[in-house]
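Colleague: Pasting a structure here, questions to come.
The values are calculated or read from the model by the stated rules, or taken from the named source; none is laboratory data. Values in this document were obtained by computation on a predicted structure and should not be read as measured data. Heads up, the Cβs are rebuilt from the backbone with ideal geometry, glycines too, and the neighbour counts pull from every protein chain shown.
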Ligand code: GDP
Ligand code: MG
């Protein structure tokens, strides 16, 4: 399946919810006026785009209407798609040029970190890259086993210690294995739950220091995984992790299960961190590189 159909299917709930509101709103207007934009802003806020982002989108659409002398309310959808694509554009690529390069995957419990790592490992493997996974979520034995299942499925190697061991030590060994075996990409899982938040952030900082010390100059992505079904809560999580952990990109999971896909907009605008991948299901192929144009079209265009 191509990106559009897959993201299209994954966005169905969000799209249905936004488009139903937008369509019925547009039906009740014969011209484009302030009232129309007020209602549009309301709809975007309801779709979890966030208050300031929704206002900004309306401002930009309003500017385009003026500039082009549009008078037909039906044109609003295309202008929305165009505006949203512009807002989201930029920074989607993974920066993984060095050999090895490292991806550290972080986020709270249950958002889809381990699943995302499994999907990424398969993707890289398909691209012909040698991948090693580090099972640095040592909080529970089940977390290590779950990553092992994904490693097996993807046909990639995995470095693990036992439950309760030091995550930074797992990362240290994974990096050593990557160097020794000539790996292209190292992907490290992490725990989303420790005894408290400070503990978790300290642990992530320690892991980052190990990576910087052991592989100085290596390209490193710190991907924060967020669960789209949690809406504005995801934005709050992103804010906390951004302050503590120097994230380079977002993976937004579970878009398939929610009408709150508008949260992509809030994350990009409020936090200025690019969304790099979206999860649209539990299967190995259900992770898509984030394409702003396709996303915007998936949300607002008539098919
Ligand atoms: P972790 O605690 O962050 O490592 O989260 P897991 O990877 O264990 O995932 C938690 C649950 O979310 C699992 O049941 C996954 O199958 C599910 N999940 C992860 N990503 C997606 C997604 O994109 N769509 C859906 N529908 N489920 C997902
Ligand atoms: Mg996990």
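Colleague: Would you mind telling me which numbered condition in (1) buried (at least 16 other Cβ atoms within 10 Å of the Cβ); (2) away from ligand 2 (no atom under 16 Å from the Cβ); (3) free of Cβ contacts under 8 Å to residues at least 12 places away in the same chain residue 200 fails?
Modeller: (2)
Colleague: Can you spot a residue in segment 186-196 that is away from ligand 2 (no atom under 14 Å from the Cβ), surrounded by 19 or more Cβ atoms within 10 Å (Cβ to Cβ) and not in a helix (DSSP H, G or I)?
Modeller: yes
Colleague: Then there is this: Looking at (1) more than 18 Å from residue 86 (Cβ to Cβ); (2) surrounded by 13 or more Cβ atoms within 10 Å (Cβ to Cβ), which one does residue 28 not meet, given that it meets all the others?
Modeller: Among (1) more than 18 Å from residue 86 (Cβ to Cβ); (2) surrounded by 13 or more Cβ atoms within 10 Å (Cβ to Cβ), residue 28 violates only (2).
Colleague: Something else: For residue 241, work out the one condition from (1) closer than 22 Å to residue 93 by Cβ; (2) more than 16 Å from ligand 2 (Cβ to nearest atom); (3) part of a helix (DSSP H, G or I); (4) modelled with pLDDT of 90 or more it doesn't fulfil.
Modeller: Failed condition: (2).
Colleague: Residue 145 fails exactly one of the following numbered conditions: (1) modelled with pLDDT of 95 or more; (2) under 24 Å from residue 289 (Cβ atoms). What is the number of that condition?
Modeller: Result: residue 145 fails condition (2) only.
Colleague: Could you tell me whether any residue of segment 121-136 is closer than 17 Å to residue 279 by Cα, more than 10 Å from ligand 2 (Cβ to nearest atom) and surrounded by 24 or more Cβ atoms within 10 Å (Cβ to Cβ)?
Modeller: Among the residues of segment 121-136, at least one is closer than 17 Å to residue 279 by Cα, more than 10 Å from ligand 2 (Cβ to nearest atom) and surrounded by 24 or more Cβ atoms within 10 Å (Cβ to Cβ), which makes the answer yes.
Colleague: Say we look at segment 247-263 and pick out the residues that are touching a strand residue (DSSP E or B) at 6+ places or on another chain (Cβ under 6 Å) and part of a loop (DSSP other than H, G, I, E, B); which of these is nearest to ligand 1 (Cβ to nearest atom)?
Modeller: Step by step, filter segment 247-263, then rank; the result is 254.
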